[in-house]
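Have a look at the structure below before the remarks.
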Amino acid sequence: MRYALIAILALLALLIIAPPLLGTGWQYALINALIAALFAAAFNLLVGQGGMLSFGHAAYFGVGAFTVIHLMQSVEYGDIPFPTVLLPLAGAAVSLLCGALAGFFATMRSGVYFALVTLALAELLHSLAPHWDEMFGGEAGLSSMRMPSLGFTFGSTLEVYYLTLSWVVICIGLLYAYTRTPFGRLTLALRDNEQRIRFMGFNAHGTKIVVFAISAMFSGVAGSLMAISNETANYSVFSTQVSALVVLHTFVGGSTIFFGPIVGACVLSLFTFVVSGVTHSWMLYQGIIFVLVMLFAPKGIGGVIQAHIEQRHALPWKRLAAPYALATLAGLMVACATVFVVQSLEIVLSREYAAAVARTGEYAPYTVFAREWQVFHPFTWLFPVLLLVPGLYLLRRAFARIQTLWDKDDDDDNGDIAAAPRELMEGGH
Amino acid sequence: MPRWITTAAAITALGVIAPAVQAEPLKIAIIESLSGPQTSTGRLIATAAEYVIDQTNANGGFNGEPIQVKEYDNAGDTSGAATKFREAAADGAHVIIQGASSAIGGQVTEDVRKHNIRNPDNPIIYINVGAEAMELRGKKCHFHAFHFTTTAPYRTVPLMQVMSEQGDLGKRVYSINQNYSWGRDMEAAIVDNADRFDYQVVDKVLHEVNRIQDFSPFVARIKSENPDSVITGNWSNDLLLLMKAVGDANLDITFGTIFMDQPGNVANAGDVAEGHYVAHSSNIELLDEAGTEAYKKATGHYPVFIEPTTLNGVGLFAEALKKVNFDGGDIDVNEIALAMENTTFDNGLGGMHVRKADHQAVIPIVVSQVASGVKYPVDGTELGFKPIKTVAGEDAIYPAQDSCRMRRPK
């Protein structure tokens, strides 16, 4: 626990010190990562802790964003004095209300029916929004400008970054504190066995509404922060894509652990920022990562980290070092082979390349990994095979070895917790 | 937890290695949808814009340096566009080109406006080559935004005028459009011009956007009104399925459309499309053959759909660059913007210029009919777009909107 606190404080210090040294592009990417992290944490309150999978959380994110953009416009025109730093409170309040209302209906059912009701409620907003120009601004959206507050102009991205960081840290702190309260425990019980809660004399429906509303409220804060940082809001924020992205972040990060979705959201947001600047196939890579995580680490990135932390005293680290290094190397080989094939196809099948072939009549060499490749040279296509086949073989060997070492540890001392790593490697229950 | 730190540290280390600032070459950022569902449009815009800039660079570039063009992928959403705008601004972009969506257009033009208020010494120009929302030239207009595409009333007036002259408009006009800002702009334009071209709007329908699979109930409604023509701003599936449903019902009604020339439409609609009208800002049949062949040689295809608009817009920008000279010194973006206001560019159909009041380009509009026997058949069919008449920009354009209050630099 003490180490965890030190690690969190160190990370926080880094988040405070590093951004002034970065360019505005990176600062803005970090703002987006923070917002995604808060959104995923709020979403996970419902999914991971409450056991209710919502497919329409974009609605509460969007409601927060539109509330704040309207308020910002009023402040900009001088109608209402409202400090910029407190804007997310308004988004939180309105999202809380909407969440309570929507939650009342949605939580009457559970499982797939619950997911469908949330999806339907979000779609309702998504199809209503383009018809209501005064409220949602039509296709071009609504726009405003951040006004100075508390001596800050909020003109620079850096100031917005610190505002976002403060709000995200406070909200994630509150969400974590929530899990330690008796009501937080009740939320977990809701996921595990709803019937039992009723027998214990609690009002299950009422509890679910409260959980839903709190989750919606923090989603609204995330939406508010996005409106403040973009200074615009557009009805596309209600689209299923936004709802789907938070599901993706949460499950890649691992919904069973509090910090899992936060890790998933940060990693995937920054991945998108970096990779989308390099290749147009970034969505494919994102999809591959999702599938791999679901297949081989169903508890997500957070689950893998947690398993290691829990077992840190029991694991034979010295004997694990070699197979871990081998697995990393083999993983890199497989990744290189995949990236090589995808990038080669992206270039060779592009219109530009086809036009160049039609113009010059020859298949010019193309560049991947800072080396030129001939399209029809056998080595070009042998190269990924040479990486892929041994890579996959080594990966299997390394994982078999890792599995034995984790299992051996299982036999030696504590048998309970070590069920997790087997599940981790084999990928299923 | 330590893994957190190493990851964060690695990311930080990557970010610190920022490119050093060099002397002033002109930098252009293309912020387009280059992945995701709108890629086909975004790719066309990027290709056409780069084609024009390559030509300028072949003729010596600008300010003694080749113009630098960089593509930024906004992934089709406004948040992505906002991120890429900040990246482009940090890279020192002077000009931003965008066009595949009005939602993203709204984000980019507002980002540019705020950037210019906060950084008056390093302003940025926004060249809009495809976002058609009226509001971008109205409430959201500003000095550094230039709009080279048309809007709903801009294309509707010439469409009506030519259809009326050809005797295909008739007295009974049916209006069917998509229920969002664009479709409503279209409907307003159709209703507003009833007296001018002497017709009656027999019915007007607004329907959901890209959700309707079966248009036959709408066709039954159209049939009951017995119109002479149907005017629609529908695009993509909404246009295609509507035309097919009308064809299946064996109704002999002429369509007046805005987006018939989207690639694939004519092939998908087949013979149903023949005889229908489209109003667009260029038609390859009228263009100089050497120019279109050169374009095909460079890009692998003839300019289609949104590409001519992009060629026009970026073409005028390149023409304006010839009027300013910084002698290899610092680039003054405001001077380029002023030059753009005073530039006339021949786009092959006539002269085009930018209106000072709202920075809407005044472009000639071609009204064409889908017909066989054309020089450039499309989509692998016999059919193509036969130009009927070119309407000069001044005759087609509507007055600037009152909501546009442009503040000019001192």
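Side notes on the structure shown:
- B:Gly270 meets each of the listed conditions (1) small (Gly, Ala, Ser); (2) farther than 20 Å from B:Lys356 by Cα; (3) surrounded by 15 or more Cβ atoms within 10 Å (Cβ to Cβ) apart from (3).
- Scanning the range B:198-213 for residues that are surrounded by 19 or more Cβ atoms within 10 Å (Cβ to Cβ) and either at pLDDT below 90 or of a type in the set (A, V, I, L, M) (or both) yields a single hit, B:Val209.
- Of everything listed in (1) farther than 28 Å from B:Val205 by Cα; (2) of a type in the set (Gly, Ala, Ser); (3) not in a helix (DSSP H, G or I), the single unmet condition for A:Ala140 is (1).
- Flag for A:Thr164 being touching a residue at least 12 places away in the same chain (Cβ under 8 Å), within 14 Å of another protein chain (Cβ to nearest Cβ) and buried (at least 17 other Cβ atoms within 10 Å of the Cβ): yes
- Taken together, A:Leu53, A:Leu45 contain a single residue that is touching a residue at least 40 places away in the same chain (Cβ under 8 Å), of a type in the set (A, V, I, L, M) and within 15 Å of A:Gly99 (Cβ to Cβ), which is A:Leu45.
- When A:Leu12, A:Leu30 are checked against the criterion of being within 19 Å of B:Asp77 (Cα to Cα), in contact (Cβ under 8 Å) with a residue 60 or more places away in the chain and within 14 Å of another protein chain (Cβ to nearest Cβ), A:Leu30 stands alone in meeting it.
This table checks each residue for (1) within 10 Å of chain B (Cβ to nearest Cβ); (2) under 15 Å from the mean Cα position of the chain (by Cα); (3) buried (at least 24 other Cβ atoms within 10 Å of the Cβ).
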site: A:Arg2; (1), (2), (3): no, no, no
site: A:Ala7; (1), (2), (3): yes, no, no
site: A:Ile16; (1), (2), (3): no, no, no
site: A:Pro20; (1), (2), (3): no, no, no
site: A:Leu34; (1), (2), (3): no, yes, yes
site: A:Phe39; (1), (2), (3): no, yes, yes
site: A:Asn44; (1), (2), (3): no, yes, yes
site: A:His57; (1), (2), (3): no, yes, yes
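- The single condition among (1) surrounded by 22 or more Cβ atoms within 10 Å (Cβ to Cβ); (2) at pLDDT 90 or above; (3) within 11 Å of another protein chain (Cβ to nearest Cβ) that B:Glu71 does not meet is (1).
- Which listed residue is touching a residue at least 60 places away in the same chain (Cβ under 8 Å) and either surrounded by fewer than 22 Cβ atoms within 10 Å (Cβ to Cβ) or not charged (D, E, K, R) (or both), from B:Val304, B:Val246: B:Val304
- If you filter the range A:255-286 down to residues that are away from every other protein chain (no Cβ under 12 Å) and under 8 Å from the mean Cα position of the chain (by Cα), you find that the one that is surrounded by the fewest Cβ atoms within 10 Å (Cβ to Cβ) is A:Leu268.
- Test set (1) surrounded by 21 or more Cβ atoms within 10 Å (Cβ to Cβ); (2) of a type outside the set (Val, Ile, Thr); (3) more than 30 Å from A:Thr107 (Cα to Cα) - A:Ser149 fails condition number: (1)
- Condition met for B:Thr156 (of a type in the set (Ser, Thr, Tyr), at negative phi and assigned to a loop (DSSP other than H, G, I, E, B)): no
- Verdict on A:Ala222 being within 24 Å of B:Arg86 (Cα to Cα) and aliphatic (A, V, I, L, M): yes
A quick yes/no check of all residues on (1) in contact with a Lys or Arg (Cβ under 7 Å, 6 or more places away or on another chain); (2) over 17 Å from B:Gln178 (Cα atoms):
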{"residue": "B:Pro227", "(1), (2)": "yes, yes"}
{"residue": "B:Asp238", "(1), (2)": "no, no"}
{"residue": "B:Gly247", "(1), (2)": "no, yes"}
{"residue": "B:Pro263", "(1), (2)": "no, yes"}
{"residue": "B:Ala269", "(1), (2)": "yes, yes"}
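- Residues of the range A:27-45 that are out of contact with any Leu (no Cβ under 8 Å at 6 or more places or on another chain) and closer than 18 Å to A:Ala115 by Cα: A:Phe39, A:Ala40, A:Phe43, A:Asn44.
- Within the range A:348-362, tally of residues that are among the hydroxyl-bearing types (Ser, Thr, Tyr), in a helix (DSSP H, G or I) and either surrounded by 13 or more Cβ atoms within 10 Å (Cβ to Cβ) or under 35 Å from the mean Cα position of the chain (by Cα) (or both): 1
- Among residues of the range A:175-201, those that are surrounded by fewer than 16 Cβ atoms within 10 Å (Cβ to Cβ) and without any contact (Cβ under 8 Å) to a residue 40 or more places away in the chain, counted: 13
- The numbered conditions (1) more than 22 Å from the chain's Cα centre (by Cα); (2) under 24 Å from B:Asp203 (Cβ atoms); (3) not in a loop (DSSP other than H, G, I, E, B) are all true for B:Asp168 except (3).
- Scanning the range A:363-385 for residues that are surrounded by 13 or more Cβ atoms within 10 Å (Cβ to Cβ) and part of a helix (DSSP H, G or I) gives A:Thr380, A:Trp381, A:Phe383, A:Pro384.
- In the range B:121-141, the qualifying residues are those that are free of Cβ contacts under 8 Å to residues at least 60 places away in the same chain and surrounded by fewer than 23 Cβ atoms within 10 Å (Cβ to Cβ), and the one that is farthest from the other protein chains (Cβ to nearest Cβ) is B:Asp121.
- Scanning the range B:170-206 for residues that are within 13 Å of chain A (Cβ to nearest Cβ) and more than 27 Å from A:Ala129 (Cα to Cα) gives no hits.
- Residues of the range B:23-68 that turn out to be at pLDDT 90 or above, within 18 Å of A:Tyr353 (Cα to Cα) and among the polar types (S, T, N, Q), as a count: 1
- Flag for A:Ala129 being among the small types (Gly, Ala, Ser) and either within 14 Å of another protein chain (Cβ to nearest Cβ) or crowded, with 22+ Cβ neighbours inside 10 Å (or both): yes
- Residue within the range A:127-134 that is in contact with a Lys or Arg (Cβ under 9 Å, 6 or more places away or on another chain), over 16 Å from A:Asn230 (Cα atoms) and among the small types (Gly, Ala, Ser) present: yes
- If you go through the range B:256-278 and pick out every residue that is of a type in the set (S, T, N, Q) and under 12 Å from B:Val367 (Cα atoms), you end up with 1.
- Matching option when the condition is at pLDDT 90 or above, assigned by TED's automatic domain parsing to the domain that holds A:Pro130 and among the polar types (S, T, N, Q), among A:Thr67, A:Thr24: A:Thr67
- Residues in the range A:331-345 include none that are loosely packed, with under 12 Cβ neighbours inside 10 Å, of a type outside the set (S, T, N, Q), free of Cβ contacts under 8 Å to residues at least 60 places away in the same chain and part of a loop (DSSP other than H, G, I, E, B).
- Some residue of the range B:281-288 being within 29 Å of B:Glu24 (Cα to Cα), in contact with a Ser or Thr (Cβ under 7 Å, 6 or more places away or on another chain) and not β-branched (Val, Ile, Thr): no
The values are calculated or read from the model by the stated rules, or taken from the named source; none is laboratory data. Note that the structure is a prediction, hence the values are computed from the model and not measured. Backbone-built Cβ (ideal geometry, glycine too); neighbour counts: all protein chains shown.
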